[in-house]
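J.: Following this message is one structure expressed as structure tokens.
The values are calculated or read from the model by the stated rules, or taken from the named source; none is laboratory data. Only a predicted model underlies this, so the values are computations on that prediction, with no experimental measurement involved. Glycine gets a Cβ as well: all are built from the backbone with ideal geometry, and neighbour counts include every protein chain shown. Heads up: the accessible areas ignore ligands, DNA and RNA and are worked out on the full protein's heavy atoms, side chains in. Shrake-Rupley method; radii C 1.70, N 1.55, O 1.52, S 1.80 Å.
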Amino acid sequence: MAELFLGGLIDPAQHSRTDKNVLLPSGDFTTHGVIVGMTGSGKTGLGIVLIEEALSAGVPTLLIDPKGDLTNLCLTFPALAATDFEPWVNEGDAGKAGATVPEFAAAQAKAWADGLAGWGLGPDRIAALRARAEFTIYTPGSNAGVGLDIIGSLRAPTAGADPEIVGDEIEGFVSGLLSLVDIEADPLSSREHILLSNLIHHEWNAQRDLDLPTLVGMVLNPPIRKLGVFELDQFFPPKDRTAFAMRLNGLLASPSFSAWMNGPPLDLDTMLHSPDGKPRCAIVTTAHLSDQERQFVTTLILSKLVTWMRKQSGTTDLRALLYMDEVAGYLPPTAMPPTKKPIMTLMKQARAFGVGVVLSTQNPVDVDYKALSNAGTWMIGRLQTDRDKQRLLDGMSAAAGGVDVGAIGDTISGLAKREFVLRRAGKDQPEVFTTRWAMSYLRGPLTRDQIAVLMAGQKGSPAAAADAAPAAAPLPPPSGPAATIAPAPAGAPPHPGGARNQRSRALTGRSARSPPAARDLADNRSSHRSQGADMQVDPHTLDAAVAKNAFTGVITIDVGGQRTLEHCEGFMHRAFRVPMTTSTRIAIASGSKAFTALAVMRLVEDGALRLDQPVRDLLGDDLPLIDDAVTIEQLLTHTSGIGDYLDEDGDWDVSDHVLTLPVH
């Protein structure tokens, strides 16, 4: 169990450091922590110091960063040279100091070198941090940093997954999605929430992955007949479902929405650890998003964390750390936003799995103090109002009844900047400490351009995507126009993964992002390589064939029992422009009779059947109302006189009659 060096104890009356450092066992944070302080209290600096220490101890961190301050963790300069600081200093700060940018950068470099030296830290410790951990800034919904495929998070869980975990993950996704279209949905009473949740459950129970275009299409043509005891059309009439689908469609059709499907998938294993086991610092910054979008992203990430957590074995040490830089709005005292349930779950259950949660806020009055009472470690800085202080003391009193809240209240009132009251886990006697100097350069939130510069090396092949498999080498064009399939160059790596998560075209006709295993050929102009068969498909030839025949549907290629290509074209519902997807099922009704007749005639040619053979030979005791004299030829020529055996108003589902094995 590592010790996290956060600062040093001080004499509260004199505001001077003592000779005792504050070293907190990493295991203390399995009982969670709370950092509270008004603007200017040093709260963000304390949080960054805590994260630096956790990463140095080998603990991966997942950071929810709604203000953009935590991106400063990527600004560590082992040489502490002025030239390293210069690109990142604020010109406005230099102007206020009456200095040029180079002069201000030199002053900042000296301040950091002197500040760290005052705590016994030097360039070697900064270099060790950079070597110990990997840092990634994720910007969901934006191409500034590494994107995050939030919408692609509807992959079916593994067979046998805990139904409660699956239900919580579905509830979080649906609640967040509906918030994006301004629908305040109660999971127990909202038709929209109940329908979407049941659709996802239906597909996941069949071990089928989903994407958002497919889900929107299923709203119009659901594969389920009932919701509860009511018929679907009675519970949610088709006209209302159409209006709901159009509302979701508006989200998909937005030109800016394609950014939500960029980047690696939302996978906690790859976000927290590199392939060689190195801890990662996953900074998910949402400063560029609207309030509804932040709720959506944060809900999905927290729900995924809960699912990931429950798959881990028990431990008493800190396995991973979740840090939320401003929890107000996500954990309110009375309202129930979609983020509140997963946070409450983590606060109550994460300890057993070694997952620590640290919540930071400058507005304690806007946070559910009952949730905060689950935290064992409290770090309290200067507060703005007596009301804030009282709310905080209420929570601390609930967490530790032996604490003298009156004495703590007096101490809080006298705190200076970067001074905090520390209540350790399992100890009632509080202490006062000041934070050590941060190794990261605390320059404030980074701009989009600055994030882009920092992440330029990762955006081309993001960490999570790189973990899956190396990108396929560029392929030469085919030698002739008819060469649609040709052997791949020797030594070229196979394309990773399956193709169930294929993204169909967006409703406006533009291409949405698909996983590397099955890109949209027509729009991405990428070659397709099989997983083990080493093949490539010329996208131009395929596009020409699609255009010539006005093809609508799904093209698939299977080689050696493996799916090597899935490609979608056209719309499953032309009136509402709902795109075709790989999981679309088109009702062709009597169109199937031609295929049945063809299969029967092939069996006749092979001698397995005779046209004059009685059908009873094949049916046995099944369908007793069919006359024993009816022959196969009479069935094929519609002269058997058999009535309709299928009760179309009965309680059955078309999926009951779908073959589970390929028949081609």
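J.: Assigning unit charges at the beta carbon (Lys, Arg +1; Asp, Glu -1) and nothing else, what dipole magnitude in debye, to the nearest 20, does region 1-139 show about its Cα centre? Present the calculation step by step, with values, prior to reporting the outcome.
T.: Working: 9 positive and 16 negative charges, 30 e Å.
Using only the charged Cβ atoms, the result is roughly 140 debye.
J.: Report, by chain and number, residues whose modeled amide H sits under 5 Å from the one on Ala425, excluding near sequence neighbours (fewer than 5 apart, same chain).
T.: none
J.: Another one. With no solvent and one equal point scatterer placed on each C-alpha of region 553-623, evaluate the Debye formula and give log10 I(q)/I(0) for q = 0.16, 0.20 Å⁻¹, two decimals.
T.: -0.84, -0.94
J.: Roughly how many Å is it from the Cα centre of region 276-292 to that of region 1-42, as a whole number?
T.: Answer, in whole Å: 25.
J.: Distance between Cα centroids, region 341-393 to region 143-184: provide it in whole Å.
T.: The distance from the Cα centre of region 341-393 to that of region 143-184 comes to 25 Å.
J.: Same structure, new question: What area, in nm² and to one decimal, does the C-alpha convex hull of region 340-389 cast on average over all directions? Provide the component values of the computation, followed by the final result.
T.: Numbers: hull surface 14.7 nm².
If you wrap the Cα atoms of region 340-389 in a convex hull and average its projections, you get 3.7 nm².
J.: If the reach is capped at under 21 angstrom between alpha carbons, list the lysines near Lys348, excluding any in the same chain fewer than eight residues apart.
T.: Hits, sequence-local ones excluded: Lys304, Lys311, Lys340, Lys370, Lys427.
J.: What do you reckon, how do Phe29, Phe104, Phe230 stack up by accessible area (1.4 Å probe), largest on top?
T.: Numbers: Phe29 0, Phe104 30, Phe230 95 Å².
So, going from the largest accessible area down, we get Phe230, Phe104, Phe29.
J.: Using θ = phi - 60° and the Karplus form 6.51 cos²θ - 1.76 cosθ + 1.60, what ³J(HN,Hα) does each residue of region 108-114 get, whole Hz, x for Gly and Pro?
T.: For region 108-114, the Karplus curve yields 5, 4, 5, 4, 5, 5, 5 Hz.
J.: With each pseudo-label sitting 7 Å past Cα toward Cβ, what's the Lys427-Val559 distance in nm, one decimal?
T.: 6.5 nm
J.: Next question, about the same structure. Against the 2.2 N^0.38 Å scaling, with N counting residues, where does region 1-103 land? I'd like the Cα-based Rg ratio to two decimal places.
T.: Details: Rg = 16.7 Å, N = 103, 2.2 N^0.38 = 12.8 Å.
With N residues counted in region 1-103, Rg over 2.2 N^0.38 Å equals 1.31.
J.: Something else now. Using 1/(1 + (r/R0)^6) with R0 = 41 angstrom and r between the beta carbons of Leu611 and Asp240, what's the FRET efficiency to the nearest 0.05? Mind showing how you got there, number by number?
T.: Details: r = 51 Å, r/R0 = 1.24.
Between Leu611 and Asp240 the formula returns 0.20.
J.: Then there is this: Assuming 0.36 nm per residue, please report the length gained on full extension of the stretch Arg602 to Ser189 beyond their Cα-Cα distance. Walk me through the numbers on the way to the answer.
T.: Details: separation 413, 0.36 × 413 = 148.68 nm, distance 5.36 nm.
Full extension of this stretch gives 143.3 nm more.
J.: Would you give the gap between the C-alpha center of region 103-141 and the C-alpha center of region 53-75, rounded to a whole Å?
T.: Measuring centre to centre over Cα atoms gives 13 Å.
J.: If you take the alpha carbon radius of gyration of region 300-397 and divide it by 2.2 N^0.38 Å, what ratio comes out, to two decimals?
T.: Relative to the 2.2 N^0.38 Å estimate, region 300-397 comes out at 1.09.
J.: How far is it, in nm, from the label point at Thr316 to the one at Leu625 when both lie 7 Å from their Cα along the line to the Cβ?
T.: Result for the modelled spin labels: 7.1 nm.
J.: Calculate the spin-label point distance for Ala547 paired with Ala352, positioning each point 7 Å from the Cα along the beta-carbon direction, and give it in nanometres.
T.: Simple spin-label model gives 6.0 nm for this pair.
J.: Accessible area, 1.4 Å probe, largest first: how do Trp437, Trp88 sort?
T.: Working: Trp437 60, Trp88 30 Å².
The ordering from most to least exposed comes out as Trp437, Trp88.
J.: OK, next. Translational diffusion coefficient of region 106-169 at 37 °C, 0.692 mPa s, Stokes-Einstein with Kirkwood Rh over Cα pairs, in µm²/s as a whole number. Before the final figure, lay out each step's value.
T.: Working: Rh = 16.5 Å.
Using the Kirkwood radius from Cα pairs, D works out to 199 µm²/s.
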